[in-house]
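Novice: Got a structure for you, written out below as C-alpha cells; questions coming shortly.
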Amino acid sequence: ASNEGNDWDPSTAPALSTVDLTDNYEGYVYMAGTDNLFKYTAERSWDLNWGTPDNDGTLEEGGIGNDISLSESGYYKMNVNINRLEYTITKTQWGVIGDATGSWENDQDMTYDPNNKVWTITLDLTAGEMKFRANDDWAINYGDNGADGTLEQDGANIAIDSGGNYTIELDLSGDPY
C-alpha cells in the first residue's frame with residue numbers, strides 16, 4: 001500500500017528515522033490504497049515487528065491479525081515510540097504560506113507526486129518569506145534555520161529574495177535527522 005517495493009516486504013518498505021537517537025521514530029509515508037494494512041518492524045525483516053488489531057495508538061508485538069489499518073489513501077506522518085509501544089499517524093496535505101505566497105492567512109496547496117515522492121507547486125512569488133505547513137495549520141510546519149536548504153520543524157521563515165514564477169518542491173521522503 002505504500003507504493004514502494006513489494007507489499008509486505010520489510011526490505012523495501014519506507015523507513016522511519018530516529019528522532020533523538022532513542023526509541024522515537026518519525027517519517028512520512030504515502031499510502032496508495034483505500035484499505036491499507038501494515039506493521040512496524042525493528043529492522044528490515046519480520047524478526048521483530050509490532051502492530052495492533054484495535055488502531056488505538058498502542059502496539060503489540062507480532063502476531064497475525066495485529067495489522068494497523070488505514071482506510072484512506074494519502075500522505076501520512078508517522079511517529080512511533082518503541083519503548084512505550086505507542087504510535088500516532090496523521091494524514092497530511094501540504095501547502096506553502098507567507099507574504100511571498102500572497103498571505104500568512106491562506107495556504108497555497110501543493111500536489112503530491114507519488115512517482116517522484118515530492119510535493120510541488122508552481123506559482124508567482126513576491127519578495128518576502130514563506131514556510132511549508134500541513135493541513136492549513138501550524139501544528140506541523142517546516143522552515144529553514146540557517147538558510148542551508150535543510151528544513152526543521154518550526155524552523156525560521158524561508159526568505160524569497162526576488163519575485164517571479166517559481167516551482168517549489170518539498171521532499172519529505174528522506175531521513176529528516
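The values are calculated or read from the model by the stated rules, or taken from the named source; none is laboratory data. What you see is a predicted model; the values in this text were computed from it and never measured. Don't worry about glycine lacking a Cβ; one is built from the backbone with ideal geometry, like all the others, and counts go over all protein chains shown. Note: accessible area is taken over every heavy atom of the protein model, side chains too, but ligands, DNA and RNA are not part of it. Shrake-Rupley method; radii C 1.70, N 1.55, O 1.52, S 1.80 Å.
Novice: If A134 satisfies all but one of (1) under 29 Å from D56 (Cα atoms); (2) among the small types (G, A, S); (3) at pLDDT 95 or above; (4) surrounded by fewer than 18 Cβ atoms within 10 Å (Cβ to Cβ), what's the number of the condition it fails?
Specialist: Status for A134: all satisfied but (4).
Novice: Could you figure out which of (1) open to solvent by less than 80 Å² (accessible area, probe 1.4 Å); (2) of a type in the set (D, E, K, R); (3) farther than 30 Å from S162 by Cβ isn't true of D99?
Specialist: (3)
Novice: What is the residue count in region 147-177 for residues that are in contact (Cβ under 8 Å) with a residue 12 or more places away in the chain, under 22 Å from T22 (Cα atoms) and not polar (S, T, N, Q)?
Specialist: 6
Novice: What number of residues within region 20-48 satisfy the criterion of being touching a residue at least 40 places away in the same chain (Cβ under 8 Å), open to solvent by 40 Å² or more (accessible area, probe 1.4 Å), in contact with a Pro (Cβ under 9 Å, 6 or more places away or on another chain) and part of a strand (DSSP E or B)?
Specialist: Total meeting the criteria: 1.
Novice: In region 67-124, how many residues are touching a Phe, Trp or Tyr at 6+ places or on another chain (Cβ under 6 Å) and charged (D, E, K, R)?
Specialist: 2
Novice: Tell me, which residue of region 138-177 that is polar (S, T, N, Q) and open to solvent by 80 Å² or more (accessible area, probe 1.4 Å) is farthest from K91 (Cα to Cα)?
Specialist: Here the residue is N165.
Novice: In region 49-78, which residues are of a type in the set (S, T, N, Q), under 30 Å from V118 (Cβ atoms) and open to solvent by 20 Å² or more (accessible area, probe 1.4 Å)?
Specialist: N55, S69, S71, S73
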